[in-house]
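The values are calculated or read from the model by the stated rules, or taken from the named source; none is laboratory data. Keep in mind that what you see is a predicted model, and the values were worked out from it rather than measured. Cβ placement follows ideal geometry from the backbone for every residue including glycine, while neighbour counts extend to all protein chains displayed. The area values use the complete protein model at the heavy-atom level, side chains included, leaving out ligands, DNA and RNA. Shrake-Rupley method; radii C 1.70, N 1.55, O 1.52, S 1.80 Å.
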Amino acid sequence: TGGGIAISDDGGFFDWNDGWVTYESLCCGGLKVNSTLAVTGNVGIGTTAPEYPLDIVGDVRWSGTLRGGSVPWERLTSFPSSCSPGKFVTAVGSTLTCASPSFTETDPQVGAVNNTYLCYGDGNAVQCADADLTYDSTNNILTVNKVNANTIDPIYNINGKKYATYVAGMTGIKEETTGVLSLRKNGNKYFAEINFKKAKEASDIWLFKNVTDFGDNWENLVVILSAGFDGKVWYEKKPKEGKIVIYGEKEGEVSYRLTAPRFDHEKWPNISKDENAKGMAVILKNDF
């Protein structure tokens, strides 16, 4: 009637016998299509007033691949439950799951060259992630080989006011450690020792020695001393004994600063090999 077919679960069935449609009404009605079903107009499942070529009221399940076409974002009006904060929806095999992205940044297009980004929604905006980086649940970056940055500025919020604390730069890739010693009199000398062989595991001195390259004769190790008293202080390197001996004219406190190239310093020359890094423009000084 009116160009439509109405099917009710009345216990009967019909067969067109032409390879197209077989209708069976068993317990709850059904429509079996053996070959091709050509429909002009709208088809409704779960509704008697379809408004679209295929209008379904209820859940949908299928096996195989949904092919062809695309759905614009503005047409999506209903979604599954949201992922927890910091996670995005990703496909794993034939299912969807929530996963944490690698590293997030505000605008991945700035300075991005041949990088792959993962994007996800955090409830307020879309965040994007560099797939080469990883971070933990507290946003600490876990894996990165090299960072090109003109200025690094850790911000401290003290009583609601923000303060800048810039990270100092250094030529060459080096490590440093500092500390305080007390000179004590032994015989007719005042001295103290920094003994790397006896340093406790995970202490500053132990860690400094194990991540640096002193050189065969400790020629790469720089020692800077400051006396906490009015008098002279000096040092002596003893590579074979694994220690630095600090001497002074009297008893008292001495501050030290040790600097040495990192163990892999030869991989990082002063001339950058990063062709994509713009860097800061500086005019060569010829005033001396």
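A few points about this structure:
- Rounded to the nearest 10 square angstrom, residue 63 shows an accessible area of 110 square angstrom against a 1.4 Å probe.
- Solvent-free Debye scattering, log10 I(q)/I(0), computed from the Cα coordinates of segment 163-288 at q = 0.10, 0.13, 0.19, 0.23 Å⁻¹: -0.45, -0.69, -1.10, -1.36
- Distance between the modelled labels on residue 59 and residue 286, one decimal in nanometres: 7.9 nm (7 Å Cα→Cβ projection).
- Gyration tensor (Cα) of segment 235-283, equivalent ellipsoid semi-axes in angstrom: 39, 17, 7
- Computed FRET value (nearest 0.05) for residue 210 with residue 236, which takes r as the C-beta separation and R₀ as 30 Å: 0.85
- Once the Cα-Cα distance is subtracted from the 0.36 nm per residue extended length, the residue 173 to residue 158 segment shows a gain of 2.2 nm.
- Annotated for segment 153-235: lysine pairs at least 8 residues apart or interchain, Cα distance under 25 Å, count 14.
- Per-residue accessible area (protein heavy atoms, 1.4 Å probe) orders 268, 62, 218 as 62, 268, 218, starting from the largest.
- Under 18 Å from the Cα of residue 278 - lysines, other chains or at least 8 residues apart: 146
- For residue 201, solvent-accessible area (1.4 Å; no DNA, RNA or ligand), Å²: 140
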